[in-house]
Amino acid sequence: MREILVIAEHREGELRSSCLETISKAHEVADKGGLEVTSVIIGSNIKSLAEKLREYVSKVYLAENHEITYYDCEIYKHIVSKLIREVKPLMVLMGHTSYGMDLMPGLSSHLSLPLVTDCIDIELSNGKLNAIRQAYGGRVNVKVSLKPSETYLATLRAGVFQPAKPTQTKGEIVEVDVPPLELKVKHLEVIRPEIEDIDISKADIVVGVGLGIGAREKIPVVKELAETLGGVLGCSRPIVDRGWLPQTRQIGFSGKSIKPKIYIAVGISGAANHVAGIKGARTIVAINKDSGAPIFNISDYGIVGDLFQVIPILVQELKKVK
Amino acid sequence: MNIVVCVKAIPYIEERVKIDRSGKDIVKAGLKFKINDSDENALEEALILKEKYGGTVTVISLCSDRELTYAEQVVWECYAKGADQAILVCDKIFENPDPYITSKTLAEALRSVKYDLILTGCQAIDDSYMQIGPMIAEILGLPYTTLAVKIQVLDNGRILVHRELEEGYRQAVEIKLPALITVQTGINLPRYAALIKVIAAKKKPLRKITAQELKLDVEMINSWRNIFIEEMYIPKAERAAQIITGSPEEAATKLALIISNTLKSG
C-alpha cells in the first residue's frame, strides 16, 4: 500500500497540534484512496513521542540522534529526502508552520517534486493532487492542481482540520539512520517569548486593533472601548511590526490564540495569521470600512463603516447600558 | 558585503476583489501596485547592512511585459531608498509564473551576479506561497534560513539569525555566507522613499534581461510549472456576519445593545 508520509513536528517534548491536524486530513485522503498514513519523527530523546505518534499512524520512521538538538532544516531535508527515495510515498505532508515553510520548498527544489503550500483542503483525483488555498489575504480561494508526479508535497494550514484521534492499533516503529552531516546552518538556541504585561489568551473580553487605525496616536480610541468593556486590548500583526504595541498583544498564529466570550475586531481585515488566533472566540464582532474584508466571513456581527465614527458612539452607548 | 534583494510588485488591495472572466485571476485593472511588504523589510535590512559594512545592494524582480510599469515603479523606489543596481527580468513568457518558475528564472539571472547574501521577503501577500526563497537557495546550492526577525553579522562570514516560530518563540541559528535568508515583517521599520528621489531614480540605469538572454523559452518554462490554477472564487462565509445597518450612530447604538446582551447571557 502506498503511503501518505506526515513529517512530525514537535517542540519542547510535545507533538505540535498542527502535526495531529495534518495526520487527521491525511487519514481522510488515505481512506478514500486506499493508502496508509505513516509519519517520520526526527530529533533527540524522542522515543516517547514516537510511542505517542504510533497511536495515530500505521508506521513511524524514527530518526533519533542526540546531536539533533532542534528542528534543523538540513538534517530534516537529508533524512526525509532519503526516505522519499526509498519509500516512494504518494504524498508528503507537513503543517504550514515555521518548520514546514522552511523545509518543504527546499525539499521540493532538491528532489524536483511539486509542492503546494498553505492548503485549506486537498484531494486526490485520479492519482493527481488538487488543493484549495487562499490568496490576497484570504479574499479569494484558489483551486489548484499539481503537475502529475510520483510523489506530491503539500503543507496544510494550521487550525483548519480537527486533530486526529488515536486509532485502535499501534503502528510499527522503524528506526532510520542519521548520517553525520556537516551543517552550514547551525541551531543555537530557542528563545522563549518575553514576559507579558497581560495575558490576552485568558481574557473574557478582547478588543483587537488593526492597521485600519492608521496611526499610533489613534490607538487610544480603541483602547477606550476595551477599557469600557472591562476587557483587554489586543492587535493584529502589522501593529506589532510597526512597534505600536508590544508582541504580547499580538493575536494570531505567530502571537497568541484567544478564547474570549466576545472578540471585537476593529480595523482588522482578517488575514489567515490573525484568524488562526480567534477561532476559539465565542462571539466575534467586526468593524471595518471595507465590506470585502475577510473578517466578515468569520464574524457573527459586523458594521461596515468608519471606526472613528462608530467607536466613540459605541463607547458612549455601552457606558449607558451598563 | 554584496547583497541581492528579490522584490515583487503586488496589487494593493483595500476593497472587495472581483474575479475576472477567465475565472482564474482577479481583475487587476485599476489596482495600484506596490512593493510586497516583507520584500520592503528585506530591502531595508540590506540597506542597514550596507551602511554598516559597505558593499552594494542589487535588487532583482521578475515580471511579464504587462507588469513592467509596476515593476519599474517598485525598482525606482528601491533606488530612491539607496539600492545601487537593479535588474528586471522581464518577458511576455513570464505571465502568472508559479513559485518554481519564478525561482528557477531568478536563480538563472543571479548566476552572473556577484553576491555574498541574498535576501527575499518570506511571503508575497498576493499569492502567499512562501516558496521562492528556499527554492532559489536550493537551486543555487546555498544554505538558507527563513522568517528572519533579526540578522546580525558575526565574524568569519557567519551570520546570526533569529527565526520566528509560533506563539512568540524564536529560534537562533548561525548561517555561513554565501547564503540566502528570507525576511519576516517587523524586523525593521522600512524608510520612506522621498518623491524627489524617486523621480531622480528614473534616470538611473536599469538592467533588463529577457528570457532569450537567459536561454529560456516557453517550452522550458512550461516544463517547470508545478502548480496549475484551475479556479479562483470568493470564499463563502463560515459564520455569515449579521451586518448592522444604519448611520454610524444607529449602528453603534444597536451594536452596544448586542454586546451588552451577549455579555449578560454569559
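For region A:204-213, taking the residues that are away from every other protein chain (no Cβ under 12 Å) and outside any helix (DSSP H, G or I), the one that is farthest from A:Asp118 (Cα to Cα) is identified as A:Val206.
Total residues in region B:100-135 satisfying the condition of being of a type in the set (A, V, I, L, M, F, W, C) and under 14 Å from B:Ile87 (Cβ atoms): the figure is 6.
In this entry, A:Val185 passes the filter for residues that are in contact with a Cys (Cβ under 7 Å, 6 or more places away or on another chain) and either facing another protein chain (nearest Cβ under 7 Å) or within 25 Å of A:Ser48 (Cα to Cα) (or both).
Each row is one residue, and each column tells you yes or no for (1) farther than 20 Å from A:Ser108 by Cβ; (2) among the hydroxyl-bearing types (Ser, Thr, Tyr); (3) modelled with pLDDT under 95; (4) more than 17 Å from the chain's Cα centre (by Cα).
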residue	(1), (2), (3), (4)
B:Lys81	yes, no, no, no
B:Val89	yes, no, no, no
B:Ser103	no, yes, no, no
B:Leu106	no, no, no, no
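Residues that are under 27 Å from A:Glu182 (Cα atoms) and facing chain A (nearest Cβ under 9 Å) number at least 1 in the following strands (runs of 3 or more DSSP E) confined to region B:110-197: B:144-153, B:158-164, B:170-176, B:179-183. Among the residues of region B:208-257, count how many are crowded, with 17+ Cβ neighbours inside 10 Å and either basic (Lys, Arg) or in contact with a strand residue (DSSP E or B) (Cβ under 9 Å, 6 or more places away or on another chain) (or both). Of the residues in region B:208-257, 14 are crowded, with 17+ Cβ neighbours inside 10 Å and either basic (Lys, Arg) or in contact with a strand residue (DSSP E or B) (Cβ under 9 Å, 6 or more places away or on another chain) (or both). Screening A:Ser201 with (1) within 14 Å of chain B (Cβ to nearest Cβ); (2) under 27 Å from the mean Cα position of the chain (by Cα); (3) in a loop (DSSP other than H, G, I, E, B) gives one miss only, at (3). With the structure loaded, tell me whether A:Tyr301 is in contact with a strand residue (DSSP E or B) (Cβ under 7 Å, 6 or more places away or on another chain), aromatic (Phe, Trp, Tyr) and more than 9 Å from chain B (Cβ to nearest Cβ) or whether it fails that test. No: the conditions fail for A:Tyr301. Against the definition (touching a Cys at 6+ places or on another chain (Cβ under 7 Å), within 14 Å of another protein chain (Cβ to nearest Cβ) and under 23 Å from B:Gly121 (Cα atoms)), how does A:Gly95 come out, yes or no? So A:Gly95 fits the description; yes. Each residue in region A:271-287 was checked for being modelled with pLDDT of 95 or more and in contact with a helix residue (DSSP H, G or I) (Cβ under 6 Å, 6 or more places away or on another chain), and 3 pass. For first residues located in region B:214-239 and part of a helix (DSSP H, G or I), partners that are at pLDDT below 95 and aliphatic (A, V, I, L, M) and lie 6+ apart or on another chain with Cβ distances below 9 Å do not occur.
Kindly provide the set of residues from region A:48-91 that are at pLDDT below 95 and more than 25 Å from the chain's Cα centre (by Cα), ordered by number. Correct list: A:Asn65, A:His66, A:Glu67.
Please verify whether region A:24-39 includes one or more residues that are part of a strand (DSSP E or B), over 16 Å from A:Val80 (Cα atoms), at pLDDT 95 or above and not aromatic (Phe, Trp, Tyr). Checked region A:24-39: at least one residue is part of a strand (DSSP E or B), over 16 Å from A:Val80 (Cα atoms), at pLDDT 95 or above and not aromatic (Phe, Trp, Tyr). Test B:Ser38 against the criterion of being surrounded by fewer than 13 Cβ atoms within 10 Å (Cβ to Cβ), under 24 Å from A:Val144 (Cβ atoms) and within 14 Å of another protein chain (Cβ to nearest Cβ), and give yes or no. The answer is no for B:Ser38. In the set A:Gly159, A:Gly137, only one residue is closer than 20 Å to A:His274 by Cβ and either facing chain B (nearest Cβ under 8 Å) or crowded, with 22+ Cβ neighbours inside 10 Å (or both); that residue is A:Gly137.
Step by step: first the residues of region B:166-191, then only those that are among the hydrophobic types (A, V, I, L, M, F, W, C) and out of contact with any Phe, Trp or Tyr (no Cβ under 8 Å at 6 or more places or on another chain), then the one that is nearest to A:Met101 (Cα to Cα). Which residue is that? Restricting to residues being among the hydrophobic types (A, V, I, L, M, F, W, C) and out of contact with any Phe, Trp or Tyr (no Cβ under 8 Å at 6 or more places or on another chain), the top hit is B:Val183. All told, A:Arg133 falls short of being touching a residue at least 60 places away in the same chain (Cβ under 8 Å) and of a type in the set (Lys, Arg). Annotation note: of A:Ala286, A:Ala265, the sole residue that is of a type outside the set (S, T, N, Q) and more than 8 Å from chain B (Cβ to nearest Cβ) is A:Ala265. Of all residues in region A:2-20, those that are in contact with a strand residue (DSSP E or B) (Cβ under 7 Å, 6 or more places away or on another chain) and either at positive phi or not hydrophobic (A, V, I, L, M, F, W, C) (or both) total 5. Of all residues in region A:168-180, those satisfying the criterion of being surrounded by 15 or more Cβ atoms within 10 Å (Cβ to Cβ) and in a loop (DSSP other than H, G, I, E, B) are A:Lys170, A:Gly171, A:Val176, A:Val178.
When region B:90-117 is limited to residues that are aliphatic (A, V, I, L, M) and more than 16 Å from B:Asn36 (Cβ to Cβ), the one that is surrounded by the fewest Cβ atoms within 10 Å (Cβ to Cβ) turns out to be B:Val113.
The values are calculated or read from the model by the stated rules, or taken from the named source; none is laboratory data. Just so it is clear, the structure is predicted and the values come from calculations on it, not from any experiment. All Cβ positions, even for glycine, are placed from backbone atoms using ideal geometry, and neighbour counts span all protein chains on display.
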